Amino acid sequence: LKGISIDGDTITIGAMTTESELIRSDTLQQYCPLLVEAAKLVADPQVRNKGTIGGDVAHGDPGNDHPAVMLALDAQLVIHGPDGERTIPANGFFLGTYWTALDEYEILVAIKVPALKSGTGHGYHKLKRKTGDYAVAGSAVVVEMNGDVVRDIRIGLTNVAPMAIRAEAAEDLIRGNRVDDVLLKAVEKAIVAACDPAVDLRGDEEYKSHMAAIMARRAIIQAIENAKE
């Protein structure tokens, strides 16, 4: 249930691997730096030393950092229960607030993510009231580039719906195109339309949806720049 290993193009992370262990992992720093960057934004050092990636994912809290990252990475989640083991995609695991595809008596035992390929970039931006806080809105992005054209893209959104969601309409606008300011403005509108945030002390629906679009825009730009390095 603990540890990080790589086999070919697949990285396997035990569910009880702590946030601090993610940050220190040479394997993740080289082959999946998005997970390292996201882990650094989770709470504070005390929490990161005890809190685990599996707990963050399986809890199903829409404000947690890792669910949107799982969606952007197209992660596979390994689940074990009385009927044996099964693997399901992250896109479909998060069903609602504190509600996941885990059945009774099942536990999440491991997470499998693809190793970074040439021409792939990542970005994660999170608006928060203070260091270590839950996101007002956040976005994780992974892009695959073919020159200046986005061959594929996945955009995960944090804390702007009952669960972490993929901004699939926004992805469709970008996929197969060069990204410029005109396209990004259209993407922002698609992201706002995808949002259904809860109103709380962090902001109202309009503010959170707008900031989700801004976080996604920044993450997209960062991911494209990373892919070209």
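Defining a contact as two alpha carbons under 8 Å apart and six or more residues distant in sequence, what relative contact order in percent does region 94-167 show? Walk me through the numbers on the way to the answer.
Working: 103 pairs, mean separation 18.8, N = 74.
Once divided by the residue count of region 94-167, the mean separation gives 25 percent.
Counting lysine pairs in region 6-133 whose alpha carbons fall under 26 angstrom apart, excluding pairs fewer than 8 residues apart on the same chain, gives 12.
For Ile221 and Ala115, what is the calculated FRET efficiency with R₀ set at 25 Å and r taken between the beta-carbons, to the nearest 0.05?
Details: r = 23 Å, r/R0 = 0.93.
With R0 = 25 Å, the Cβ-Cβ based efficiency is 0.60.
The ellipsoid that matches the Cα gyration tensor of region 91-131 has semi-axes, each √(5λ) in whole angstrom, of 26, 20, 10, with the longest given first.
Write down Rg/Rh for region 114-188, rounded to two decimals, with Rg from the C-alpha atoms and Rh from the Kirkwood relation over Cα pairs.
On the way: Rg = 13.5 Å, Rh = 13.4 Å.
On the Cα set of region 114-188, Rg over Rh gives 1.00.
Here the gap between Val182 and Thr10, fully extended at 0.36 nm per residue and compared with their Cα-Cα distance, gives a gain of 58.3 nm. Gain on full extension, evaluated as 0.36 nm per residue between Ala169 and Arg151 minus their Cα-Cα distance, stands at 4.9 nm.
Taking the three principal axes of the alpha carbon atoms in region 49-110, the coordinate ranges are 30, 25, 20 Å, sorted in descending order. Rolling a 1.4 Å probe across the protein heavy atoms gives the chain an accessible surface of 46 Å² per residue.
For the chain, which whole percent of the accessible surface, found with a 1.4 angstrom probe, sits on carbon and sulfur atoms?
On the way: 5330 of 10610 Å².
Heavy-atom surface of the chain belonging to carbon and sulfur, 1.4 Å probe: 50 percent.
Taking only the Cα atoms of the chain, the radius of gyration and Dmax are 16.6, 52 Å.
From helices alone, the chain scores -10500 deg cm²/dmol at 222 nm; the rule is -39500 (n - 2.57) for each run of n ≥ 4 DSSP H residues, then divide by the residue total.
Packing-based ranking of 108-121, 198-211 yields 108-121, 198-211, ordered from highest to lowest mean Cβ neighbour count within 10 Å. Above 17 angstrom, tally the Cα pairs of region 1-126 and express them as a % of all pairs, no decimals. Result for the distance tail: 54 percent.
The values are calculated or read from the model by the stated rules, or taken from the named source; none is laboratory data. Nothing here was measured: the structure is a model prediction, and the numbers come from that model. Methodologically, a virtual Cβ is constructed for each residue, glycine included, from the backbone with ideal geometry; neighbour enumeration extends over all protein chains shown. Remember, those area values only see protein heavy atoms, side chains included, never the ligands or the DNA or RNA. Shrake-Rupley method; radii C 1.70, N 1.55, O 1.52, S 1.80 Å.
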